[in-house]
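Following: one structure in structure tokens, then a few remarks.
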Amino acid sequence: MAKYTKRKDGRYITSVTLGNKKYYIYGKTIKEIDKKIIELKVKYEQGLLLKSPNVLFKDYKMRWFESKKPMIGAKSVASYQSIINNHFTRIDYIQVSKIKKTDVQLVINDLVDHPNTANKVYMTLNQIMENAVDDDIITKNPCRRIVKPKLEAKEKRILTDEEFYLTEVADFNDREKMFVVLSKYCGLRPEETRALTKGDFFLEANSGYIRINKTVVYVSNQAIFQQFTKNNTSVRDIPLFANILPFVRYYLSSIQTNKLFTNLSSNKDEYMSNQSYKWLVKKIKDKIRMKAWELNIEFKEDGFTPYTFRHTYATLLYYSGINLKEAEYYMGHADSKMLNQVYIHLDKVALRNNKNIEDFIKNNNLKNCSKNNFIESYLLEN
């Protein structure tokens, strides 16, 4: 039998535990509270309470999504929306408390031929079920130890020496050249470059830097400005190399708008549309191809994207002697996974071409050395 307590404001209060959750109920009279208890228990049994073990997955996933939206960017919202709408039909009408590991595995198996999507769907479902654990709807996450399609590790596409030269001599207009310069010599993500304004540049007589603190993403072809970057570590100051400073100064003084990249068809100071951005990238690629044909230099179009410039910047950091921690800052990475891949790959290339051992053998005439002499020679050298 429920215990009723009268509050100072004259209302009564009691509590009811359903599953592992305690619900507090208020009413002007005990009769009103009893009625509310009955209604609550009916909703609980029907799975209409979102923290009830009887709640259907289709209802709970939407509640989770609504709580997630304020904390993520527009592009992520669209991505989650697509996953939630299209990939959980198999479990939508199962109660959250009754979803088993087998159900989760079947959801992932449906995407066996699409490993990238499968991994995104898994990560989303795992977050939802972890939330259900926190809400005491379930005690164990059924997403644990699920077998996922293996992602093929793709080597990051970077510019070859010849292609790097092509980007230096291609017949870009000022707008195209500025995009290439910022991508190649500053390692900016495309969404960071698109958001730049004149106020983000801090120039002195012989030096300068750019402050990265915002992005422009596209959702359904619409440009969405975001006063934040991909992650907290993406907010950073990027030094401008001496070789690009004169052109950067010229470009900033030559444009009439505060934003660096606007729509070509308009004089308005507004961020360029998705269509304008795609046209800009196409023209850059076309002009590199034309210059390659003119100079009879190979240009590998396969896999070439604006991110190719960013990955090339990572190799410039490596060959400049920048350590991994410093490179993380310049690249704006929350973790060093991608940079580790780049640095490890370049280390392997360096090791593969290492002449130190060969030179040591030649210099010490080791063909005629005994084992003991070899060790002695090595110790003396090192």
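Among all positions in the stretch 159-178, there is at least one residue which is aromatic (Phe, Trp, Tyr), within 30 Å of PHE241 (Cα to Cα), assigned to a loop (DSSP other than H, G, I, E, B) and outside the structural domain of ALA78 (by TED's automatic domain parsing).
Would you confirm, using the coordinates I've provided, whether PHE202 is surrounded by fewer than 16 Cβ atoms within 10 Å (Cβ to Cβ) and aromatic (Phe, Trp, Tyr)? In short, yes.
Looking only at residues in the stretch 268-301 that are of a type in the set (Lys, Arg) and assigned to a loop (DSSP other than H, G, I, E, B), the one that is surrounded by the fewest Cβ atoms within 10 Å (Cβ to Cβ) is LYS268.
Between GLU39, GLU32, the distinction of being more than 30 Å from ALA132 (Cβ to Cβ), in a helix (DSSP H, G or I) and acidic (Asp, Glu) belongs to GLU32 only. ARG211 meets each of the listed conditions (1) more than 28 Å from ILE72 (Cα to Cα); (2) surrounded by 12 or more Cβ atoms within 10 Å (Cβ to Cβ) apart from (1).
Among residues of the stretch 214-225 being surrounded by 17 or more Cβ atoms within 10 Å (Cβ to Cβ) and of a type outside the set (A, V, I, L, M, F, W, C), the one that is nearest to the chain's Cα centre (by Cα) is THR215.
Residues checked against (1) polar (S, T, N, Q); (2) within 15 Å of PHE57 (Cα to Cα); (3) assigned to a loop (DSSP other than H, G, I, E, B):
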{"site": "ARG90", "(1), (2), (3)": "no, yes, yes"}
{"site": "LEU106", "(1), (2), (3)": "no, no, no"}
{"site": "THR139", "(1), (2), (3)": "yes, no, yes"}
{"site": "ARG144", "(1), (2), (3)": "no, no, yes"}
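Residues in the stretch 45-78 that are under 21 Å from the mean Cα position of the chain (by Cα), modelled with pLDDT under 90 and either closer than 11 Å to ILE128 by Cβ or not in a loop (DSSP other than H, G, I, E, B) (or both): GLU66, SER67, LYS68, LYS69, PRO70, MET71, ALA74, LYS75, SER76, VAL77, ALA78. Candidates in the stretch 1-29 are the residues that are within 24 Å of VAL133 (Cβ to Cβ) and among the hydrophobic types (A, V, I, L, M, F, W, C); of these, the one that is modelled with the lowest pLDDT is LEU18.
The values are calculated or read from the model by the stated rules, or taken from the named source; none is laboratory data. Bear in mind that the values here come from a model prediction, so they are computed numbers and not experimental data. All Cβ positions, even for glycine, are placed from backbone atoms using ideal geometry, and neighbour counts span all protein chains on display.
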